[in-house]
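Some notes on the structure that comes next.
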Amino acid sequence: MRRQSLAVSIASALLTFSVSASGMTIATASSDNGYVPSNTLDGSLANWSRWTSKGDGEWIRFDLGNVRLVKAVDLAFQRGNAREYYFDLQASADGENWTPLIEDTASSGQTLDFERVDTPDIEARYVRYIGWGNSDNLQNSLTEVRIQSSALEPTAPPTTGD
């Protein structure tokens, strides 16, 4: 279990924008313990509505539907007010080549609400959370996820000289 802490700011107010509300985000995972990945996109912070998977390196992946400009990820953890969760975040435009966004990070262990993880702005279709367990055990458990992103600015076609 990796245990390097990084300050993660707590998002105190719920934002109105959520990619899951558009119906475009799809969640898949390396495994689950009966608590399926889609629970992280249902709008509920309830303990019973979560994704859970036990072990180092377990992951959950979110598909934004198309390439967008990803700016931050809001994460809510099961028992997040009593445990620190250890994780990495990665992004990919194609689902095969991954760029690290945040590595060796720990949640605050102080809230059941969303925690904002600011990331470098990156053009990506996929965002992946890789879990390394928590301060009690190797369980990885997210109740809800919101990916803060925006549509890419259209680029003008190159002009040709006559």
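No value in this document is a laboratory result; all are computed from the given coordinates. In this text the structure is predicted, and so the values were computed from the model without any measurement. Note: ideal-geometry Cβ built from the backbone for every residue, glycine included; neighbour counts use all protein chains shown.
Structure values in brief
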read-out: Formal net charge of residues neighbouring Leu75 (Cβ-Cβ distance under 11 Å; K, R +1; D, E -1); value: -2
read-out: Dipole moment magnitude, nearest 20 debye, the stretch 89-162 about Cα centre, only Lys, Arg, Asp, Glu C-beta charged; value: 180
read-out: Relative contact order (%) - criterion: Cα under 8 Å, at least six apart; region: the stretch 14-156; value: 34
read-out: Shape call, the stretch 9-150: gyration tensor on alpha carbons, a/c limit 1.5; value: rounded
read-out: Förster-model FRET efficiency, 30 Å R0, Glu96 and Leu152, C-beta, rounded to 0.05; value: 0.90
read-out: Proximal charge balance of Arg128 [Cβ under 13 Å; K/R count +1, D/E count -1]; value: -4
